[in-house]
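All remarks here apply to the structure that follows.
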Amino acid sequence: MDVHCGKQPPGRFEPHIDRNRCEGKGDCVAVCPHGVFTLGTLGLFDRRSLSLLGQLKGWAHDWQQAFTPHADACEACGQCVTACPERAITLVRAK
């Protein structure tokens, strides 16, 4: 049975992750009912664009961060925003 728990149709909004805040704790992965998030390692190229604080956080957490390979499945329920302890996730209108 498919349960629609979101506030919007899939793909209208998508989560945006602030790379300088994300510490890859995985709370977003655990709470997302649509499998939008995964955890992975931030690439070398992306590490260079981080602020000094973001680089220190990244190094301290082995560069683990949340990624959104299935952003098009997001229904804007907001559970990820609420669950993120670093407040690294916002919902933005999809392009």
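Each value in this text was obtained by applying a stated rule to the coordinates, not by laboratory testing. No experiment lies behind these values; they were computed from the predicted model shown. For neighbour counting, all protein chains shown are included, and Cβ atoms are generated from backbone atoms with ideal geometry for every residue, glycine included.
For this structure, a couple of remarks:
- Restricting segment 9-21 to residues that are out of contact with any Asp or Glu (no Cβ under 6 Å at 6 or more places or on another chain) and not in a strand (DSSP E or B) leaves a set whose member that is surrounded by the fewest Cβ atoms within 10 Å (Cβ to Cβ) is Pro9.
- Members of segment 54-95 that are touching a residue at least 40 places away in the same chain (Cβ under 8 Å), more than 17 Å from Gly11 (Cβ to Cβ) and in a loop (DSSP other than H, G, I, E, B): Cys84, Pro85, Glu86, Arg87, Ala88
- Taken across segment 23-36, residues that are outside any helix (DSSP H, G or I), basic (Lys, Arg) and surrounded by 13 or more Cβ atoms within 10 Å (Cβ to Cβ) do occur, with at least one present.
- Of the residues screened, Ala71 is one that is surrounded by 11 or more Cβ atoms within 10 Å (Cβ to Cβ) and either of a type in the set (S, T, N, Q) or touching a strand residue (DSSP E or B) at 6+ places or on another chain (Cβ under 8 Å) (or both).
- The set of residues in segment 41-53 being surrounded by 13 or more Cβ atoms within 10 Å (Cβ to Cβ) and either among the aromatic types (Phe, Trp, Tyr) or outside any helix (DSSP H, G or I) (or both) consists of Thr41, Leu42, Leu50.
- Cβ-Cβ contacts under 7 Å between residues 6 or more apart (or on different chains), taken from a first residue in segment 9-38 that is within 16 Å of Gln64 (Cα to Cα) to a second residue that is among the acidic types (Asp, Glu), are listed as Arg19/Asp46; Arg21/Glu86; Cys22/Glu86; Glu23/Glu86.
- Residue match in segment 17-30 (condition: in contact with a Lys or Arg (Cβ under 7 Å, 6 or more places away or on another chain) and farther than 21 Å from Lys95 by Cβ): yes
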